[in-house]
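Step one of this worksheet: look at the structure below.
None of the figures in this text is laboratory data; all of them are computed from the coordinates on show. If you're wondering where the values come from, they're calculated on a predicted model, not measured in any experiment. Cβ atoms come from the backbone with ideal geometry, glycine included; neighbour counts cover every protein chain shown.
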Amino acid sequence: MSNQPSPQNNPLTIGILALQGAYEAHAKILSTLGIATKLLRTPDELMNLDGLIIPGGESTTMLKFLERNQFLDALTAFVQTTPTFGTCAGAILLAKDVQHPAQTSLAAMDITVERNAYGRQIDSTILTAPTKLRGGPLEMVFIRAPRITRTGARVEILATRDGSPVLVREGHLLAATFHPELSSDTRVHQLFLNLIRENH
């Protein structure tokens, strides 16, 4: 069976914020799933997208880029209504509350995130753990990962690490504190595509 989108369905176009971080790895995974991607570097490129991925990287560096050309304001409005998936730094940017230290965010998802919670880059790790996704345990690549310390009443926890949520969903928003784009397992990206189709 082909992974290509069938002609009778409208093929999806997913934007990937390409200011910094592992955006090419996300594009590569979506390409294997037959999905067209668009790398975004300016606010006008947010037009005509079915969904958006905010990749990992350094959240404070991303914010510096976003604070130019009113990109932060445009993105804040965009994520209120359009399916968006944040990984690692992207999860920090989606959170309503960022701590350790506090910083500006898109304030879209009802979670509190603590930055660099698991220590330095040397403390990065790869774990395989059960999740609520079908298909058995999931490989999770953590690199200077944040920790989700609080989830709102409407946030669904799909995976945890040492009791802390690492994959969460709230309506049209999805966030992971790990890097699914650095694994060969495509289930988290497939989950995001399903979420977009549900919201169409």
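Here are the numbers for this structure:
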| item | result |
| --- | --- |
| Gaussian network model of the chain, springs between alpha carbon atoms under 10 Å - residue of ARG144, ARG68, ARG161 with greatest fluctuation | ARG68 |
| Unit charges at the beta carbon, dipole of the chain: most positive-side option, GLY56, THR186, LEU12 | THR186 |
| About the Cα centre, charge dipole magnitude for region 111-192 (Lys/Arg +1, Asp/Glu -1 at Cβ), debye | 180 |
| Cut-off of 10 Å, at most 16 other beta carbons, DSSP loop: longest stretch of the chain lacking such GluC sites (Glu not before Pro) | 68-200 |
| Sequence-separation-based contact order of region 13-199, relative, with Cα cut under 8 Å and 6+ spacing, percent | 18 |
| Size of charge dipole - the chain - debye, nearest 20, with Cβ of Lys, Arg +1 and Asp, Glu -1, no other charges | 200 |
| Charge sum, other residues only, whose C-beta stays under 15 Å from GLY171's C-beta, Lys/Arg counted +1 and Asp/Glu -1 | 0 |
| Listed residues GLY152, GLY163, GLY57, most fluctuating in the chain (Gaussian network, C-alpha, under 10 Å) | GLY163 |
| Out-of-range pairs (alpha-carbon distance over 26 Å; input LYS28/LYS96; LYS64/LYS132; LYS38/LYS64) | LYS28/LYS96; LYS64/LYS132 |
| Long-range HN-HN contacts of THR149 with modeled amide H, under 5 Å | THR112, VAL113, GLU114 |
| The chain: calculated mean residue ellipticity at 222 nm from DSSP helix runs of at least 4, using -39500 (n - 2.57) | -7000 deg cm²/dmol |
| Calculated Rg and Dmax of the chain using C-alpha coordinates, Å | 15.7, 48 |
